[in-house]
Every structure is written in structure tokens, then in C-alpha cells.
1. Every residue in segment 149-168 that is on the phi < 0 side of the Ramachandran plot, surrounded by 15 or more Cβ atoms within 10 Å (Cβ to Cβ) and outside any helix (DSSP H, G or I), please.
2. Residue 156 - would you say it is under 22 Å from residue 257 (Cβ atoms), modelled with pLDDT of 80 or more, small (Gly, Ala, Ser) and in the same structural domain as residue 296 (by TED's automatic domain parsing)?
3. May I ask you to say which residue of 245, 284, 254 is over 26 Å from residue 222 (Cβ atoms), modelled with pLDDT of 90 or more and surrounded by 18 or more Cβ atoms within 10 Å (Cβ to Cβ)?
4. Which residue, of 288, 239, 302, is without any contact (Cβ under 8 Å) to a residue 60 or more places away in the chain and within 30 Å of residue 83 (Cα to Cα)?
5. Spot the failing condition for residue 185; the list is (1) modelled with pLDDT under 85; (2) part of a loop (DSSP other than H, G, I, E, B), and only one is missed.
6. Could you please give the count of residues in segment 14-28 that are in a helix (DSSP H, G or I) and free of Cβ contacts under 8 Å to residues at least 12 places away in the same chain?
7. Within segment 176-206, track down each residue that is under 30 Å from the mean Cα position of the chain (by Cα), more than 19 Å from residue 275 (Cα to Cα) and either surrounded by 17 or more Cβ atoms within 10 Å (Cβ to Cβ) or free of Cβ contacts under 8 Å to residues at least 40 places away in the same chain (or both).
8. Going through segment 190-220 one residue at a time, which ones are touching a Phe, Trp or Tyr at 6+ places or on another chain (Cβ under 6 Å) and within 23 Å of residue 163 (Cα to Cα)?
Amino acid sequence: MLDMRQLAALAALANTGSIAAAARELAWSQPTVTHHLKGLATTLGAPVIASDATGTRLTAAGETLLPTAQTILALARRAEREVSIARGSEGGLDPLANAPEPLRVGVIPSVGASVMPSLLRELQTSRAQVVVSEAETDRLIARLASMDIDIAILLGGEIVQRMLPPGSLYRPLGRERLVLLLPAGHRLAGATNVALTDLRDDTWVLSPSPGDPMDQLLREEAAKVNVNVTGSVFSDDYAVIQSYVAAGLGLALVPESVVSDERHDLATATLRGERFVREIGVAVAPHAPRPLVEPFVERLLANGS
């Protein structure tokens, strides 16, 4: 039968890339890590790691087992936290205020600026144990997978849902139109409806993150009409993006709500296509403690996300 320590050794090796680094991550000795990996190989009847001059890597058997191992470890961690939460919230106490460990929430910056201030004020008033950090969507997904956060408030939609760790739950929170941002002197400034084929010769301000969902959407839609999307400059900061566009460095696809009304050096237009909307959703990792997740999501919805 599989042993939790064997699965922990496998996951740590996959995460760190070496026996020594896996031992440091687990606070074990290197012989202990090796012992459990050998035991796992014996249980499976196949080696799970291979070593050569370039380092240590998972075998096909190890790669096959890894997603299941990560899910099992996440569920075990979740069970431990939920029992601790249940003990701390006996007698009807607020689980968020009496959790032995805080709920770890990641949020994209644009939502952090609009929704989180009022929500965090409410959570602080109730002494809720919640820690919030910001990152872009692709980084939040990676942090869900590595169990660094429990919940992510991020860009949603089909592209993002395909990227989530196995066993994650996803709930849409709202949708917002995406608009084409142009410099005020652009040949199409003043147009209300623009086709991607009209932009064949233009360059774009894109995200520095290769997995950015909005950039992926733009590229997918452009490919359908044989238009190539080329980045000229790169930023995830919407204030910087607006300045880049105003300076004529490229066009941008942005949420309608982030465009400043005071920027008279910019113009916006609607891009033709039904997919040019951004969905905001909440993703819950399989290791997230449900007694904390449910009251947090309720308060999130109540704050107008």
C-alpha cells in the first residue's frame, strides 16, 4: 500500500529537482528521502526516479503517479486543517476568526484594487484570519498547485479552467467587457467597432507572462482571421499599459473598467467577437479547508464582486 511519506518524497522531488533540495523542503535527511522513493518503487513495481549527469528526474511511472500523489497530499493536509478548524469553532464561533491557521487568498491586482478593500475591512472588523497576496492569473494558478494559497480570485473562463490543478473547484463571479485601447492619434481612433483584420499591421502591448489568459484569447481570435499578434512592449500594470499605448508603442486589450476617464490621449473601441469579455472567478484548491472557504466566498459575493 502507498505510504504518505513516499508520496511526499515524490512530490518534493518533482517540485525541487534533486534529492538534496527535496530533503531540505521536507526537513528530512537525504537518506530518508531516498529510502521512501525506493520503497515507493518497490510498492509500484517500477522505479519512480532516474539519475544521470544532468540530475534527477521522474520516470514515466513517477510522472504518472505525481498528480494523484499531489491530490492525496492536498486532501490529507486539508483534513488536518479542517479538524483543527472544527475544534476551534465549537460552540458556534466564527470559523474564520478562530482558525488555527489563516485562509490564504491570492487575487489579481485589478480585483485587489476594486473589491478587496471593503472586503478586507469587513474581515478585519470580524478578526477573520485571512492573508491576501497579489499576483497575475498564471502565477496564482501555480501557487494553487504548489499549495502556497488556498483560494485564487482570478481571470476565469474556459482557458483558465483548463489550467487549474486537478480537483480544484471553480465558480464564476462576474463578467466585464474587454475593449481595444488605442492612442488618440491612431487611424482608427473614433471608430466604435473594429475587426482584428483592421489591425494586421499594428503591434501590441502584451503581458510579460507567457500564459496570460487575455493574451491567449487575443492570439486565438487573431489566428482565426490570419492575423499575427506581435508584442512591442510588455507590462501587467494597467496604468503603465495606458501610458505605453498613449505613446504609440502598441495597442492593448484591457478590461473596460481600468481605462481612466482622464486620459484624453487614449481612445477605446469594441473589438468584434463574442469572446472579448473577461470573466472573474474564484478557484478553490483541493487542499483548501472547506469550513473557511464557504464563509469567505459568501462575504466575497456580498461585497459586490
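1. Passing the criteria: 149, 150, 151, 152, 153, 154, 155, 156, 164, 165, 168.
2. Yes: the conditions hold for residue 156.
3. Checking each option against the conditions leaves just 284.
4. 302
5. Among (1) modelled with pLDDT under 85; (2) part of a loop (DSSP other than H, G, I, E, B), residue 185 violates only (1).
6. Residues of segment 14-28 in a helix (DSSP H, G or I): 14-16, 19-26.
Now restrict to residues that are free of Cβ contacts under 8 Å to residues at least 12 places away in the same chain: 16, 20-21, 23-24.
Summing the residues that are in a helix (DSSP H, G or I) and free of Cβ contacts under 8 Å to residues at least 12 places away in the same chain in segment 14-28 gives 5.
7. 182, 202, 205
8. We begin by selecting, within segment 190-220, every residue touching a Phe, Trp or Tyr at 6+ places or on another chain (Cβ under 6 Å); these are 205-206, 208.
Result: 206, 208.
The values are calculated or read from the model by the stated rules, or taken from the named source; none is laboratory data. From a predicted model like this one, the values you see are computed outputs, not experimental measurements. Neighbour counts are summed over all protein chains in view; Cβ atoms, including those assigned to glycine, are modelled from backbone coordinates with ideal geometry.
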